[in-house]
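What follows is a set of notes on a single structure, which appears directly below.
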Amino acid sequence: MKNYLFILLLFVATRVMAQSKPADKTVLAGNEYYKSQQYAKAAEEYRKALEADPANKTAKFNKGNALYKQDMKVEASILFNELTTDDKNIPLRSKAFYNKGVILSNQKNLEESIEAYKNALRNDPADKEARENLQKALLELKKKNEEKKKEQDQPKKKQEQQPKKQQQPKMNPKEAEQRLKLLQQKEKEVQERVQKEKTKTGGSAVKDW
């Protein structure tokens, strides 16, 4: 199973009659450098091929691969994005979408990588790697969304668990005055009751020896 974090190391086949154009020979030279992992030299050969023949899509695709291997993902993505607009070469267009999806996955841009893999499959429904990587990206996005939702729910749960303080209703000045008078009246009644009790018992309580 091909891990979706690795770019598809595909070389688009050059024309059988490579000698028909100088650019094709340069592409083949770039391919040799690429196979020996000399990615900077490979990219330079592909650049020369594009100078000689700007319409050479093989050189553009393979240059994108060579740039990616040098961790120049933005530059590689630009080239693959240009190739996704090619309506004439459907297989190449599919692989360009695939490689674009890989770069986006590396950048943790899951939503756009998912769309890129879907476009790869629209152009080539038999692409197993694109289907596998699409499933992985969908699972990772689901996991990411679940973790995000969990983080958002934690503060709410803590807030719900905390006991709510009962707020005393505010009184207007008139209500406050009435309550004060009521308290004063109760206090007066208590004092009168105490005084009556003292009168009945004949004064203060008896002390012990």
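Quick check on Leu50: is it open to solvent by less than 90 Å² (accessible area, probe 1.4 Å), at pLDDT below 55 and under 17 Å from Leu79 (Cβ atoms)? Write out each step before concluding.
Values: open to solvent by less than 90 Å² (accessible area, probe 1.4 Å): yes; at pLDDT below 55: no; under 17 Å from Leu79 (Cβ atoms): yes.
No, not satisfied.
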Of the criteria (1) at pLDDT 60 or above; (2) touching a Lys or Arg at 6+ places or on another chain (Cβ under 6 Å); (3) open to solvent by less than 30 Å² (accessible area, probe 1.4 Å); (4) closer than 28 Å to Lys128 by Cβ, which one Tyr4 fails: (1)
Residue match in region 21-39 (condition: modelled with pLDDT of 90 or more, in a helix (DSSP H, G or I) and open to solvent by 80 Å² or more (accessible area, probe 1.4 Å)): yes
Test set (1) open to solvent by 10 Å² or more (accessible area, probe 1.4 Å); (2) under 23 Å from the mean Cα position of the chain (by Cα); (3) within 24 Å of Ser36 (Cβ to Cβ) - Ile103 fails condition number: (1)
Residue list for region 53-83, filter: over 19 Å from Ala29 (Cβ atoms) and open to solvent by less than 10 Å² (accessible area, probe 1.4 Å): Ala76, Phe80, Leu83
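The values are calculated or read from the model by the stated rules, or taken from the named source; none is laboratory data. Being a predicted model, the structure only gives us computed values, none of them experimental. Virtual Cβ from ideal backbone geometry, glycine too; neighbours counted across all protein chains shown. Please note that ligands, DNA and RNA were not included when accessible areas were found on the heavy atoms of the full protein model with its side chains. Shrake-Rupley method; radii C 1.70, N 1.55, O 1.52, S 1.80 Å.
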